[in-house]
Amino acid sequence: MSAQNTSVVDIHSHFFPPITQQEAAALDASAAPWLHIQDNEHGMIMTGDKPFRPVYSALWDSSRRIEEMDKSGVDIQLMCATPVMFGYRYAIEQALPWAARMNDYAVELCSHNPRRLKALAQVPLQDIDAACREASRAKSIGHVGVQIGNHLGDRDLDDEGLLSFLTHCAHEGIPILVHPWDMMGGDSRMKKWMLPWLVAMPAETQLGILSLIMSGAFERLPKSLKICFAHGGGSFAFLLGRVDNAWHQRDIVRENCPHPPSSYVNRFYVDSAVFDHRALSLLVDVMGEERVMLGSDYPYPLGEQQVGDLVRSSSLPDTSRQRLLGGNAKEFFQL
């Protein structure tokens, strides 16, 4: 373990298992994702016959992942699905066995070093009963939580079905990481410069948070719910003043939300993937040092390249840095 008083825990990293084209065809031969491994180092995520994203071996090779964790001083890393794996648009007859297979793959990858590698499950949110069953099954085989997308088509997190899933996880003691995906804007307005990731992804994350706050969902959800939003909560911290002002000035904003939006920051967590010391300082100031956890988005190019460096080099007090680097995560995920 690291020399610090607490372990360094990265709660937001991705994996992509060695899914064959034949396996993917059982879900959708024309568009389901699979991994074309070109050599020991390089690969390509494919969707059907189309290249989707170039990748490298840390995504599927646990030994390589451990080597890079050692270089970055990371003791424990939580792996979750690359969102293209979610499979939310498919019939449950195909989507449930797909999610279960991906979760079994995750456990296999973690078995290389189960003390240091942990997994967050994926679930078929298009069928809430099936999603609840798979979340509980995944917990029983070693997953420490679940990762879900921030919406399901036009259904945001305040949808009654999705609230039922969140409630199930609260009762079962299953922590949740919410990850933005299927970003707004589409190809017509965000067709280049990775604008979906730079503009829409933070907006999607803020939308997920505000859908729970403004709808009054947090008033109905169990206080025991453990829910964390990736990418520093997106735009939330920076725009919270705007949201509070709207709540005070417009009755249509506070119609379903009995308290100022800023009063709900104690109901959720965020990760630290904001890439800027000023942004991190604001995030900790808004959320509190006890509700921010180290998250890197490893091993993708838009993730933190030296995991934990932003927190380590911040001007936060030593006790705050230790909480962000691992103390909060160990409590949240009961590691």
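Bear in mind these aren't lab numbers, they're just calculated from the coordinates by the rules spelled out. The structure presented is a predicted model; accordingly, all values stated were derived computationally and were not measured. Cβ placement follows ideal geometry from the backbone for every residue including glycine, while neighbour counts extend to all protein chains displayed.
Under the combined filter of DSSP loop state and at most 16 neighbouring Cβ atoms within 10 Å, the stretch 168-272 retains these GluC sites (Glu not before Pro): GLU255. When the Cα positions of TRP197, GLY145, ILE213 are compared along the charge dipole of the chain, ILE213 comes out farthest toward the positive end, with charges on each C-beta of Lys, Arg, Asp and Glu. For the stretch 259-329, the relative contact order is 32 percent, taking Cα pairs closer than 8 Å that sit 6 or more residues apart in sequence and dividing their mean separation by the residue count. Per-residue extension of 0.36 nm, minus the Cα-Cα distance of ARG53 and GLN334, leaves a gain of 97.8 nm for this segment. For the stretch 194-293, trypsin sites (Lys or Arg not before Pro) are listed when DSSP marks them as loop and at most 15 other Cβ atoms sit within 10 Å of their Cβ; the list is LYS223, ARG250.
Relative contact order, whole percent, for the stretch 18-59 stands at 30, derived from Cα pairs under 8 Å and 6 or more residues apart. Close Lys pairs in the chain (alpha-carbon distance under 20 Å; sequence gap of 8 or more, or different chains): 10.
Note on the stretch 240-305: Cα-Cα pairs beyond 20 Å make up 43% of the total pair count.
For the stretch 20-32, backbone phi angles converted through the Karplus equation (6.51, -1.76, 1.60; θ = phi - 60°) give residue-by-residue couplings of 7, 4, 5, 4, 5, 5, 5, 8, 6, 5, 8, 9, 5 Hz, Gly and Pro being listed as x.
The eigenvalues of the Cα gyration tensor, multiplied by 5 and square-rooted, give the stretch 6-126 an equivalent ellipsoid with semi-axes of 26, 17, 10 Å from largest to smallest. If you wrap the tightest convex hull around every Cα atom of the stretch 18-59 and split its volume per residue, you get 55 Å³.
Our summary gives the chain a relative contact order of 17 percent, counting only alpha carbon pairs under 8 angstrom and 6 or more residues apart. In the chain, helices alone account for a calculated mean residue ellipticity at 222 nm of -11000 deg cm²/dmol, with every DSSP H run of four or more residues adding -39,500 (n - 2.57).
Over the chain, with a Gaussian network built from C-alpha contacts below 10 Å, which listed residue (VAL178, VAL123, VAL55) shows the highest mean-square fluctuation? Comparing VAL178, VAL123, VAL55 in the GNM, the peak value goes to VAL55.
If a spin label sat at a point 7 angstrom from the Cα of ARG101 along the line to its beta carbon, no backbone N atom of the stretch 126-151 would be nearer than 14 Å. Each of ARG64 and SER164 was given a label point 7 Å from its Cα along the Cα-to-Cβ line. The distance between the two points is 4.1 nm.
For the stretch 169-324, the alpha carbon convex hull comes to 130 Å³ per residue, rounded to a whole number.
Extension gain, ASN245 to LYS223, is 5.3 nm, computed as 0.36 nm per intervening residue step minus the present C-alpha separation.
The charge dipole of the chain, taken about the Cα centre with unit charges on the Cβ atoms of Lys, Arg (+1) and Asp, Glu (-1), comes to about 420 debye, rounded to the nearest 20. The label-point distance for GLU290 and THR20, in a model that sets each label 7 Å from Cα toward Cβ, rounds to 5.1 nm. For the stretch 114-190, dividing the convex hull volume of the Cα atoms by the residue count gives 99 Å³ per residue.
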